[in-house]
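A short worksheet on the structure shown next.
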Amino acid sequence: MTRRPLVAGNWKMHKTASEATRLIQQLAYSYDDAYAGVDVVVCPPFTALRSAQVTLDFDTNSPLRIGAQDVFWEPSGAYTGAISAAMLRDVACSFCIVGHSERRKYFSETDEDVARKAAALTGEGIAPIICCGETIETRESGGTVAFVTAQIEAALALLSASDAEPVVLAYEPVWAIGTGRTPTPEQADEVCAALRDCFRERYGAAAGEAVRILYGGSMNIGNGDAFAAMPNIDGGLVGGASLEAESFMALVKAFS
Ligand code: PGA
């Protein structure tokens, strides 16, 4: 089966609301109809989501879709600083990253937290982009596949087969994020194939074939084509290279 590629820009803690508006306008300007087969998603910080929504509302032809970088699993209540899935839905988010290694590292996010977040998102019709990835020590000890499949198994724990339909997986080796280092495309594909097997075992053959799996970690203009050529890599989760229209659109082009 042919899966629709997806390229998502993880802006992390970059861009004010007005900077986000400008970048989204530049992305729309550099968009080409040749990319129509690719889902293009931008994930600005919470404070820029509303501006992103309004900017895209003005451009009814815009193919860009909006994602968030995190969510809290409760629907509402006394959770100072938290944002619910319904709030994200309200600002037109159709995707949300969960379980990014930076959330796990700096905000002590656990596998159980990731599972609850994924379930809250699917409950609101938002597709979770569930991240996994090993440290360099785990890779060097040969434990990568066991480690990342355990992360994904745990993240899917609360999702039925129908809940899991919109789920996107992202393989992001911790040692490749923001470092300029990457696994070879073949090494990344091998891990993505294992994640696909994990999905297949849990939800059946068709679900395994259909699930979109992204690679992330120092993806850039120079290496995008090689990752895009791999059979189990259906797109990219792009950090640094998503902060400029030219480099982000080059990666959209690589997957188109
Ligand atoms: P990077 O980040 O492309 O800057 O390595 C990717 C990510 O953390 O999603």
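Out of the total accessible area of the chain (probe 1.4 Å, heavy atoms of protein only), what percent is carbon and sulfur? The C+S portion of the solvent-accessible surface of the chain is 52 percent. Please report the base-10 log of the normalised intensity I(q)/I(0) for the stretch 68-192, using a Debye sum with one equal scatterer per alpha carbon and no solvent, at each q in 0.11, 0.18, 0.21 (1/Å). So the normalised log intensities are -0.38, -0.94, -1.18. Of the trypsin sites (Lys or Arg not before Pro) found in the stretch 82-182, those in coil by DSSP whose Cβ has at most 12 other Cβ atoms within 10 Å are R181.
The mean sequence separation of alpha-carbon pairs under 8 Å and at least six residues apart, normalised by the residue count of the chain, gives a relative contact order of 22 percent. Each listed q (0.10, 0.21 Å⁻¹) maps to a log10 I(q)/I(0) for the stretch 1-131 from the Debye sum over equal C-alpha point scatterers, namely -0.32, -1.28. Within the straight-line cut-off of under 25 Å between alpha carbons, the lysines reachable from K117 are K12, K15, K105, sequence neighbours fewer than 8 places apart in one chain being disregarded.
The packing ranking of peptides 167-174, 120-127, highest mean first, is 167-174, 120-127, where packing means the average number of other beta carbon atoms within 10 angstrom of each residue.
In this structure the stretch 16-254 gives 43 Å² per residue of accessible area when probed at 1.4 Å with all protein chains present.
Its alpha carbons give the stretch 126-241 an Rg and a Dmax of 13.4, 39 Å. Dimensions of the stretch 16-254 from C-alpha coordinates, computed as largest minus smallest value along each principal axis and given longest first, are 48, 45, 35 Å. Here the stretch 176-234 was treated as a single set of alpha-carbon atoms; its pair distances binned every 5 Å from 0 give 4, 20, 28, 21, 13, 9, 4, 1 percent.
Annotation: peptides 193-204, 220-231, 245-256, ranked by per-residue average of other Cβ atoms within 10 Å with the highest first, follow the order 245-256, 193-204, 220-231. Between the stretch 36-68 and the stretch 186-256, how many Å separate their Cα centres? Rounded to whole Å, the Cα centres lie 20 Å apart. Using a cutoff of 8 angstrom between alpha carbon atoms and counting only pairs six or more residues apart, the relative contact order for the stretch 111-204 works out to 35 percent.
Here, P(r) means the percent of Cα pairs in each 5 Å bin from 0 to the largest distance; for the stretch 48-88 it is 5, 20, 25, 17, 15, 10, 6, 1.
The values are calculated or read from the model by the stated rules, or taken from the named source; none is laboratory data. Only a predicted model underlies this, so the values are computations on that prediction, with no experimental measurement involved. Please note: Cβ atoms are built from the backbone with ideal geometry, for glycine as well, and neighbour counts cover all protein chains shown. Heads up: the accessible areas ignore ligands, DNA and RNA and are worked out on the full protein's heavy atoms, side chains in. Shrake-Rupley method; radii C 1.70, N 1.55, O 1.52, S 1.80 Å.
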